[in-house]
Each structure stands twice: as structure tokens, then as C-alpha cells.
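Asks: One structure coming up, written as C-alpha cells, with questions to follow.
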Amino acid sequence: MKEVSNPHDKFFKEVFGKVEVTKDFIENYLPKNILRVIDTSTLEPQKDGFITEDLEEMFSDMLFKVNINNKEGYIYLLFEHKSYKSKNISFQLLKYMIEIWEAKINKGNIYELPVIIPLVIYHGKGRWNLNTSLGELITGYENLPEDIKKYIPNYEYLIYDLSQYTDEEIKGEAQLRIILTIFRDIFVKDNKGIQKSVETAVKYLQELEDKQTGIEYFETFIKYLMSARPSLTEDDIEDMRENVEKIYPEGSEVIMTIIERYMEKGRQEGRQEGKQEGIQEGRQEEKIEVAKKLIKMGLTIDKVIDATGLKKEEIEEIRKKMLN
């Protein structure tokens, strides 16, 4: 597994890493004709990740083993967590699927390729209007005779454009609806809109019989929210507090404790960053003073660089100011 590098990736993997959430998604969103041949009771997450380092800021992925038509197969989830669309996604997905097949052949010493069903979950600002098949990327493919097309690789992927979902179209159990709601809103709503998203999440929490699980899940949700939307102000949080108390009074104290904890963590990190910046500024001032003394002593620029660690341009600027 790759090291988590951003809040979208972390939240996606924490939530979809729970088999019950992915199972809920599959059962509610896969087309019925595909669902008929999938035994969701056999769903099992795999540790393999296939995203290359240069694309980690754009995608996250998760691979699940599952019986498809009574044979071992796989469902591959690709999550696009940037606010723009990748035009060559069908080609990129094909490369990942080939890597999965190669891994199964090399590790399992098998020579039959398992079925892989690729799913793309997108939560950007604009509507997903890209082609969903590889053939549409190939020049002239659609105009080829059918007896020629069989020689050309082609497949389609399933796309879930969360930006277009209404609240009514977001289905499943509370945990799934919470993650899909916040992923839908995180890039497109202003801070007031995000407050409404939190209120919606709290309403969903009320549906859970296991309140402890609900609170733990809400903590994961808030941790993501605070990381992904640092623009939330103290006033936003106060408004959120008041509305949560109205919607879910019996759980509001615990929920707001969670929110306050992550707000305080953000404050501490901010103070620490400020402190570090202050230290760096102080050290820079010390270097400048030393450089001035060395310049007065007639040392060459190279020797001043060696003594202070300042850049040549910085020393020349100091010398210029001293002459004026």
C-alpha cells in the first residue's frame, strides 16, 4: 500500500477499506445485469495499489477480489480526487488492469486472466463528459467494419459522477451516504454549503442503531473535512454547532467535542508553523548581519557564501544596499 499523501486519498481508503461500505456501494450502484453475476458476500479487499507516483495527487485506487459468474474476479475502484477530469482515463485504466493481470500471473503462476470490472468515482466541479470506452480514443474506430473491430482492443468503464447526484439519488446505508454527500460537495459548495453537508451527515447518523460506530465514523468524516476545507472559519464552526444541536441534541455534545478537537489541532499546527517561520526569519536576520560584517572586512562573495549559506544574489543585494 502506498503512503497516504492527501486528505481525499486518506478518507477514500479509510471508508472504502471497510468491506461493508464497498459492498453497500456495489449493491446500490452497479447495473442490475452486472450485479446478477457478482457474489457480494465474497468481496475481499486486496493490498495491491497500482497508481504511479506521478499520478498519486490525481487518483486513488482500491482492488477487491470477488466471485464473478462463479469464478474469481476483481472489481477495481479508481477515485479521481482532483477538480478536473483526466481525458485519457480509459487508457490509464487499461494500464492498471494490465498490471493487475500481470501481478496475478506472476504471483499466482496462473495463465487464465480473471475478469476485472473497472469503476471510476469522480467528484470534481464540472460534469463528467468524457468518453467511457477505449475505442473512442482510437482514431476511426467507430467507422471500422464490425469484422475489423474485433482485432482492436476495446472496453468500457463504469463512471459515477458524484457532482450530478441529488440528495435523493444518493443511496445506501448512512455511512455510504455520508461519504458520497461530502465528496459531492467538497469542491463545489461554499462554506455555508459545507455546513449544510455536515447537517445532512448528522441526519444520516441518527439512522444508525450502533451509535458508537456512528460517532467513530463521524470523527473520520470531520477529520477529512478539516483537512480538505481549511477555509472554514470560527464563525462557520459556531453556526455548525448551533444547527447540529437542533438536529441531533442527544449526540451534539460528542459531535461538537470532535469538531473542537480537530479545530484546536489546526490552531496548534498553525501556531507551530508560525513559530517555525519566526525562527527561520530570526536565523535569516542573523545571517544577513554576519554577511554585512564580512563584506565590510573585504571578504569575497564566495567566502561570504561559505560562511553564511546565503545565496550569491542575496549577498549582492546586501552589498548593493550597503553602498547606497
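Asks: I'd like the residue in region 30-60 that is under 22 Å from the mean Cα position of the chain (by Cα) and of a type in the set (Asp, Glu) and, out of all such residues, is most open to solvent (accessible area, probe 1.4 Å).
Replies: Going through region 30-60, the residues under 22 Å from the mean Cα position of the chain (by Cα) turn out to be 30, 44-60.
With of a type in the set (Asp, Glu) added as a condition, the list becomes 44, 48, 53-54, 56-57.
Working: Glu44: 85, Asp48: 43, Glu53: 154, Asp54: 128, Glu56: 43, Glu57: 91 Å².
Only one residue tops the list, namely Glu53.
Asks: A further question follows. Filtering region 298-319 down to residues that are part of a loop (DSSP other than H, G, I, E, B) and of a type in the set (A, V, I, L, M, F, W, C), which residue is nearest to Gln284 (Cα to Cα)? Even if it seems obvious, please write down each step before you answer.
Replies: Within region 298-319, the first condition is being part of a loop (DSSP other than H, G, I, E, B), and the residues that meet it are 298-300, 309-311.
Now drop any that are not of a type in the set (A, V, I, L, M, F, W, C), which leaves 299, 310.
On the way: Leu299: 20, Leu310: 9 Å.
Among those that are part of a loop (DSSP other than H, G, I, E, B) and of a type in the set (A, V, I, L, M, F, W, C), it is Leu310.
Asks: Same structure, new question: Considering only residues that are basic (Lys, Arg) and assigned to a loop (DSSP other than H, G, I, E, B), look in region 150-183 and name the one that is least open to solvent (accessible area, probe 1.4 Å). Can you show your working first?
Replies: Looking only at region 150-183, we keep the residues that are basic (Lys, Arg), and these are 150, 171, 177.
Still in the running and assigned to a loop (DSSP other than H, G, I, E, B): 150, 171.
On the way: Lys150: 144, Lys171: 88 Å².
The qualifying residue least open to solvent (accessible area, probe 1.4 Å) is Lys171.
Asks: Does region 203-225 hold any residues that are open to solvent by 20 Å² or more (accessible area, probe 1.4 Å) and over 22 Å from Lys246 (Cβ atoms), and which are they?
Replies: Listed by number, the residues that qualify are Glu209, Asp210, Gln212, Thr213, Glu216, Thr220, Lys223.
Asks: Here's another thing I want to ask about it. For residues that are touching a residue at least 24 places away in the same chain (Cβ under 8 Å) and out of contact with any strand residue (DSSP E or B) (no Cβ under 8 Å at 6 or more places or on another chain), scanning just region 99-128, find the one that is nearest to Asp61 (Cα to Cα).
Replies: Going through region 99-128, the residues touching a residue at least 24 places away in the same chain (Cβ under 8 Å) turn out to be 99-100, 103, 114-128.
When the remaining residues are screened for being out of contact with any strand residue (DSSP E or B) (no Cβ under 8 Å at 6 or more places or on another chain), the result is 99, 103, 125-126.
Working: Glu99: 13, Ala103: 16, Lys125: 20, Gly126: 21 Å.
Filtering region 99-128 for residues that are touching a residue at least 24 places away in the same chain (Cβ under 8 Å) and out of contact with any strand residue (DSSP E or B) (no Cβ under 8 Å at 6 or more places or on another chain), the one nearest to Asp61 (Cα to Cα) comes out as Glu99.
Asks: Give the residues of region 17-67 that are assigned to a strand (DSSP E or B) and not polar (S, T, N, Q), sorted by residue number. Reasoning before the result, please.
Replies: Let us first name the residues in region 17-67 that are assigned to a strand (DSSP E or B), namely 38-45, 59-67.
Matches in region 17-67: Ile38, Asp39, Leu43, Glu44, Pro45, Phe59, Asp61, Met62, Leu63, Phe64, Lys65, Val66.
Asks: Out of Ile237, Ile186, I need the residue that is on the phi < 0 side of the Ramachandran plot, modelled with pLDDT of 85 or more and either hydroxyl-bearing (Ser, Thr, Tyr) or open to solvent by less than 10 Å² (accessible area, probe 1.4 Å) (or both). Which one? Give the derivation first.
Replies: Working: Ile237 fails: modelled with pLDDT of 85 or more.
Result: Ile186 is the single residue among Ile237, Ile186 that is on the phi < 0 side of the Ramachandran plot, modelled with pLDDT of 85 or more and either hydroxyl-bearing (Ser, Thr, Tyr) or open to solvent by less than 10 Å² (accessible area, probe 1.4 Å) (or both).
Asks: Something else now. Evaluate region 131-149: report whether one residue or more is assigned to a strand (DSSP E or B), among the charged types (D, E, K, R) and either open to solvent by less than 20 Å² (accessible area, probe 1.4 Å) or in contact (Cβ under 8 Å) with a residue 24 or more places away in the chain (or both).
Replies: First, pick out the residues of region 131-149 that are assigned to a strand (DSSP E or B): 133.
Then drop every residue that is not among the charged types (D, E, K, R), which leaves none.
Checked against the condition, which is being assigned to a strand (DSSP E or B), among the charged types (D, E, K, R) and either open to solvent by less than 20 Å² (accessible area, probe 1.4 Å) or in contact (Cβ under 8 Å) with a residue 24 or more places away in the chain (or both), region 131-149 yields no hits at all.
The values are calculated or read from the model by the stated rules, or taken from the named source; none is laboratory data. Worth saying up front: this structure is predicted, and the values here are computed from it rather than measured. Backbone-built Cβ (ideal geometry, glycine too); neighbour counts: all protein chains shown. The accessibility values were calculated without ligands, DNA or RNA, using every heavy atom of the protein model including side chains. Shrake-Rupley method; radii C 1.70, N 1.55, O 1.52, S 1.80 Å.
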